[in-house]
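The values are calculated or read from the model by the stated rules, or taken from the named source; none is laboratory data. Quick caveat: nothing in here was measured; it's all calculated off a predicted structure. Here the Cβ positions follow ideal geometry from the backbone for every residue, glycine too, while neighbour counts run over all protein chains shown.
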Amino acid sequence: MGGLLPKPVTTKEIQDGKSQTGHYAFGVSSMQGWRPAMEDAHMAIPDFDPERELGLFGVFDGHGGAAVAKVAAERFPETLRALPAFKQGRYSEALYESFLKLDSFLDSPAGREKVKEATPAPVDSEMEEEELLRLLESGELDPDDLDLEEDEEVEEEAAEDDEAEEASGSSSDWANAEGPDGMGCTAVVALVCGGSKPEVFCANAGDSRCVLARGGRAQNLSRDHKPELKSERRRIMQAGGFVSADGRVDGNLNLSRSLGDFTYKKDASRKATEQKISAEAEVKRRALGPADQYLAIGCDGIFEKFSSQELINFLLPHLRRRRRSQAPLSNACSAFLDANIAKSPQKEQGLGCDNMTLLVVELQPSQRSQMRQLWTFPHGSAVHRAGGKVAMTPSSRRRVVMQLQNVKRSSRAKVKSAGRSKIRSSG
């Protein structure tokens, strides 16, 4: 298939760590897969602000090149930290501002120079052809895995897109542009707050995703920004763009918000949030409790074949075993990447062929260990027979506590009564 390697690169980049206070532990695994280059980047800073018990985590999925994603991951922490809203504890506002501030930097002379420095030298196409021939001759590559035939439907869609481009006055400027004009990245960032009232703030622009595992159930903390969404399509069209039949802005990008991609942000009469492609982040705030287990943060390649719930279903057994064996969290991430990657791009129609980055954050592991000790049920009880798995709301948990206290008081009263009876009988 076009744009894919003859064999996937399955070597993984892994990272693990935890905060000094023990509130957060994380693991991340990244894999290039079938793509010619790795364009993902991530950040994981469990001690982003130790005094306020803040951890900062994020995934940046690049397209058109890796440089914008790399610079964004490097610059995001300092961009957020410098904002007055962050210093004053207005975290939702700070995250929202940081996306627009970072995008503005990428479009500045200094930002463009950073992107240029982060751009790798072009790969020699002749070397790629030689390697392809070598694999074919050695039998390591099956010729059937190569898509050498033209697809008539693809040609027809391309012709329709060309006509639409001409009608709208746009062209393939983005594909031919250099630097951050023809390159960008999605960004999904989670700011996790500890303390007496733990919570998480998630900011997202693009189609990467952040999922909270709450009592084994997946809760999306972000929304995929796709051109087909009514509000996104309206903005794109008002800015003079179009959405092609296959859901691409001006026939190119299959997402509607990103950092970079300045070819789509050149209308001086419009605000940054009104351009065809916008860097405006959606921010969600969620209080955290004992039932909240993990955050799973991933690029869109993680969710091509698996839903959010299916991802959590896959991860939780691995993470439970990890707690018993003290294995790194990245092991579970790597296991998912191996399960997610396409065995045959042709048979799986291109699904599972993208770059993949999965970052898992364990929420307050030290506190949850104490909770597990507190909620240990006796052998033979109904909860024990059910495997010790029970999901309780705060109100039901309080009722259980009150019942346990009543049982203890009743037991103590019986012991005292029995003691007094023995004293009377002996007298």
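For the stretch 290-315, what are the residues that are in contact with a strand residue (DSSP E or B) (Cβ under 7 Å, 6 or more places away or on another chain), in a helix (DSSP H, G or I) and either of a type in the set (V, I, T) or over 16 Å from I341 (Cα atoms) (or both)?
I302, S308, Q309, I312
Could you please give the count of residues in the stretch 75-99 that are within 19 Å of H42 (Cα to Cα) and either buried (at least 18 other Cβ atoms within 10 Å of the Cβ) or more than 20 Å from the chain's Cα centre (by Cα) (or both)?
10
Looking only at residues in the stretch 215-249 that are part of a strand (DSSP E or B) and β-branched (V, I, T), which one is nearest to A268 (Cα to Cα)?
My answer is V249.
Which residue out of D250, D261 is touching a Pro at 6+ places or on another chain (Cβ under 8 Å) and more than 30 Å from A287 (Cβ to Cβ)?
Unique residue meeting the criteria: D261.
Taking the stated definitions as given, is A268 among the aliphatic types (A, V, I, L, M) and loosely packed, with under 14 Cβ neighbours inside 10 Å?
So A268 fits the description; yes.
Output the residues belonging to the stretch 1-49 that are among the aliphatic types (A, V, I, L, M), at pLDDT 95 or above and touching a Leu at 6+ places or on another chain (Cβ under 7 Å).
Of everything in the stretch 1-49, those that are among the aliphatic types (A, V, I, L, M), at pLDDT 95 or above and touching a Leu at 6+ places or on another chain (Cβ under 7 Å) turn out to be V28, M31, M43, A44, I45.
Run K197 past the list (1) touching an Asp or Glu at 6+ places or on another chain (Cβ under 7 Å); (2) at pLDDT below 95; (3) more than 21 Å from M43 (Cα to Cα) and report the number of the one that doesn't hold.
The failed condition is (1).
Report yes if S222 is among the hydroxyl-bearing types (S, T, Y), modelled with pLDDT of 95 or more, crowded, with 19+ Cβ neighbours inside 10 Å and in contact with a Lys or Arg (Cβ under 6 Å, 6 or more places away or on another chain), otherwise no.
Against the criterion (among the hydroxyl-bearing types (S, T, Y), modelled with pLDDT of 95 or more, crowded, with 19+ Cβ neighbours inside 10 Å and in contact with a Lys or Arg (Cβ under 6 Å, 6 or more places away or on another chain)), S222 qualifies.
Report yes if S258 is within 23 Å of L56 (Cα to Cα) and at pLDDT 95 or above, otherwise no.
yes
Could you check L191 against (1) modelled with pLDDT under 95; (2) buried (at least 21 other Cβ atoms within 10 Å of the Cβ) and say which number it fails?
L191 satisfies every listed condition except (1).
Every residue, every condition in (1) buried (at least 21 other Cβ atoms within 10 Å of the Cβ); (2) assigned by TED's automatic domain parsing to the domain that holds W34; (3) within 18 Å of S29 (Cα to Cα), yes or no:
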| residue | (1), (2), (3) |
| --- | --- |
| I297 | yes, yes, yes |
| G301 | yes, yes, yes |
| E304 | no, yes, yes |
| L329 | yes, yes, yes |
| L351 | no, yes, no |
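Return yes when K101 is basic (K, R), within 29 Å of P36 (Cβ to Cβ), in the same structural domain as Q275 (by TED's automatic domain parsing) and at pLDDT 95 or above and no when it is not.
It is false that K101 is basic (K, R), within 29 Å of P36 (Cβ to Cβ), in the same structural domain as Q275 (by TED's automatic domain parsing) and at pLDDT 95 or above.
Of all residues in the stretch 194-214, which are crowded, with 24+ Cβ neighbours inside 10 Å and either among the basic types (K, R) or part of a loop (DSSP other than H, G, I, E, B) (or both)?
Within the stretch 194-214, G206, S208, R209 qualify.
From the list S19, S30, pick out the single residue that is surrounded by 15 or more Cβ atoms within 10 Å (Cβ to Cβ), polar (S, T, N, Q) and over 23 Å from S344 (Cβ atoms).
So the residue among S19, S30 that is surrounded by 15 or more Cβ atoms within 10 Å (Cβ to Cβ), polar (S, T, N, Q) and over 23 Å from S344 (Cβ atoms) is S19.
Got at least one residue in the stretch 8-27 being farther than 22 Å from F303 by Cα, in contact with a strand residue (DSSP E or B) (Cβ under 6 Å, 6 or more places away or on another chain) and either outside the structural domain of L329 (by TED's automatic domain parsing) or of a type in the set (V, I, T) (or both)?
No, the conditions are met nowhere in the stretch 8-27.
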